[in-house]
1. Please list 3J(HN,Hα) in residue order for the range 110-115, calculated via the Karplus relation 6.51 cos²θ - 1.76 cosθ + 1.60 where θ = phi - 60°; whole Hz, with x for glycine and proline.
2. Using each residue's phi in the range 129-135, evaluate 6.51 cos²θ - 1.76 cosθ + 1.60 at θ = phi - 60° and report the 3J(HN,Hα) Karplus result to the nearest Hz, with x for Gly and Pro.
3. Over the chain, what is the relative contact order in percent, taking alpha-carbon pairs closer than 8 angstrom and at least six residues apart?
4. Suppose only helical runs count, i.e. DSSP H with n ≥ 4. What mean residue ellipticity at 222 nm does that imply for the chain under -39500 (n - 2.57) per run, divided by all residues and rounded to the nearest 500 deg cm²/dmol?
5. Would you please classify the overall shape of the range 79-154 from the alpha carbon gyration tensor, given that a ≥ b ≥ c denote the square roots of the eigenvalues, rounded means a/c under 1.5, and beyond that prolate means a/b larger than b/c while oblate covers the rest?
6. Take Asp38, Asp149 and sort them by solvent-accessible surface of the protein heavy atoms, 1.4 Å probe, largest at the top.
7. Compute the signed sum of charges (Lys and Arg +1, Asp and Glu -1) over the other residues within less than 14 Å, Cβ to Cβ, of Ala67.
8. With all protein chains present, calculate the accessible area of Ser116 using a 1.4 Å probe and round the result to the nearest 10 Å².
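The values are calculated or read from the model by the stated rules, or taken from the named source; none is laboratory data. Just so it is clear, the model here is predicted, and its values are computed rather than measured. Neighbour counts run over all protein chains shown; Cβ positions are idealised from the backbone, glycine included. The protein model used for the area step is the full one, side chains on, heavy atoms only, and it has no ligands, DNA or RNA in it. Shrake-Rupley method; radii C 1.70, N 1.55, O 1.52, S 1.80 Å.
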Amino acid sequence: RPLSTFGLTTLGDWRAGIRYVAVAGALMVPLLWIGAGDAALQAEYPLPRDAWGFNAWTPFAWALTYALYYVGWEFSFRGVLQLGLEPRLGPALSLLVPLVGSTLIHVRKPFGETFSAIPGAFLLGFLAWRTRSTWWPVLLHLWIGTLIDCFSWWRGGMGGP
């Protein structure tokens, strides 16, 4: 099937995508700030701390790396699994398949992250379904991943505010 079937070559309903990403992205800021105060989350994040010499520019360089990661993640879960299965399973059931899969991948993460993966996967799935594109979930997931790294860095006393 063409890649557009999986939402990879289209922005879909971009007006809805911008709206949902802006609102959800803004609502995530205080939640992620609070979550980043958790010692277990600070032990897990920021991810590049051990991989690179960590400095003020690392989160921005890491965001570029994250972008590639989230394109693959969202194309697999929201594109291939959800949008690809939707004609056979319908919208509700096709949203649950990647929700279960992506939540299971978070099981070994800190409890707050694992628990939040459930509504997070639902939100990202809804966004893919509503816009018919995987790019809006990529953008929102990138925002969340980058913020949790930055906030964990700052709240963990690694030189941030």
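1. x, 3, x, 6, 4, 4
2. Taking θ as phi minus 60°, the curve returns 5, 5, 8, 6, 9, 8, 6 Hz for the range 129-135.
3. Once divided by the residue count of the chain, the mean separation gives 43 percent.
4. Helices in the chain give a 222 nm mean residue ellipticity of -22500 deg cm²/dmol.
5. Oblate, since a/c reaches 1.5 and b/c is not below a/b.
6. Asp38, Asp149
7. -2
8. Ignoring ligands and nucleic acids, Ser116 comes out at about 60 Å².
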